[in-house]
1. At 20 °C and 1.002 mPa s, grab the translational diffusion coefficient of the chain from Stokes-Einstein with a Kirkwood Rh over Cα pairs, rounded to a whole number in µm² per second.
2. Does segment 59-114 classify as rounded, prolate or oblate by the C-alpha gyration tensor (a ≥ b ≥ c root eigenvalues; a/c under 1.5 gives rounded; else a/b over b/c gives prolate, otherwise oblate)?
3. Which length gain, in nm to one decimal place, applies between V11 and A96 when the Cα-Cα distance is subtracted from 0.36 nm times their residue separation?
4. Between K73 and N107, how high is the FRET efficiency from 1/(1 + (r/R0)^6) when r is the Cβ-Cβ distance and R₀ = 22 Å? Nearest 0.05.
5. For the cross-link pairs K23/K73; K15/K119; K97/K119, which exceed 19 Å when the distance is taken from alpha carbon to alpha carbon?
6. Given the chain, what percent of its DSSP beta bridges are antiparallel, to the nearest 5?
7. Please report, in debye to the nearest 20, how large the charge dipole of the chain is about its Cα centre when each Lys and Arg carries +1 at its beta carbon and each Asp and Glu carries -1 there.
8. Would you tally the net charge around Y40, using a Cβ to Cβ cut-off of less than 9 Å, leaving Y40 out, and scoring K and R as +1, D and E as -1?
Amino acid sequence: MITDLFEKITVYDLKVTEAATRKDGDGWTTTLTIAADKYYASGKGAEAKAPLKEAIEVGLFTARPGIGAFSAKDVILMDREPVRGGVQRITLHSKAKPFFAGIDPYNFYVDRNSDDNVKDVTAS
């Protein structure tokens with residue numbers, strides 16, 4: 001008897017809703033507001049919300065990841081931060097001014113809409 005390999009499929013909903021930066025004494029302080037949720041889906045498509053408490057990559061960039069000639073030189077900062085379900089703020093510090101900020105910016109997770117993982121950073 002062959003068992004279903006897709007008994008539990010994990011789907012994430014990760015998004016940056018706001019990203020703002022300000023100049024400080026020795027660089028830039030950037031605050032990301034993120035909304036994050038995790039779901040388990042059965043092989044038949046039924047979904048149930050699951051607890052989310054994981055370290056997920058967040059980053060600051062001079063160019064948008066995945067667009068054009070993006071390269072390693074465009075990465076200002078990449079770090080794994082603790083992420084829980086719901087809305088939360090993550091504050092990052094960098095030497096260079098970021099123009100884009102993202103959660104799971106390289107789309108390692110199966111996400112409902114990976115286009116909203118990265119957002120333009122506004123300066124305040």
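1. Rounded, D is 139 µm²/s.
2. Verdict is oblate for segment 59-114.
3. Values: separation 85, 0.36 × 85 = 30.60 nm, distance 3.33 nm.
Roughly 27.3 nm would be gained on extension.
4. Working: r = 20 Å, r/R0 = 0.92.
Computed FRET efficiency for K73 and N107 comes out at 0.60.
5. Result: K23/K73 exceed 19 Å.
6. Counting DSSP beta bridges with both partners in the chain, the antiparallel share is about 95 percent.
7. Details: 17 positive and 18 negative charges, 53 e Å.
Here the chain has a charge dipole of around 260 debye.
8. +2
Laboratory data are not the source of any read-out in this text; all were calculated from the coordinates shown. If you're wondering where the values come from, they're calculated on a predicted model, not measured in any experiment. Don't worry about glycine lacking a Cβ; one is built from the backbone with ideal geometry, like all the others, and counts go over all protein chains shown.
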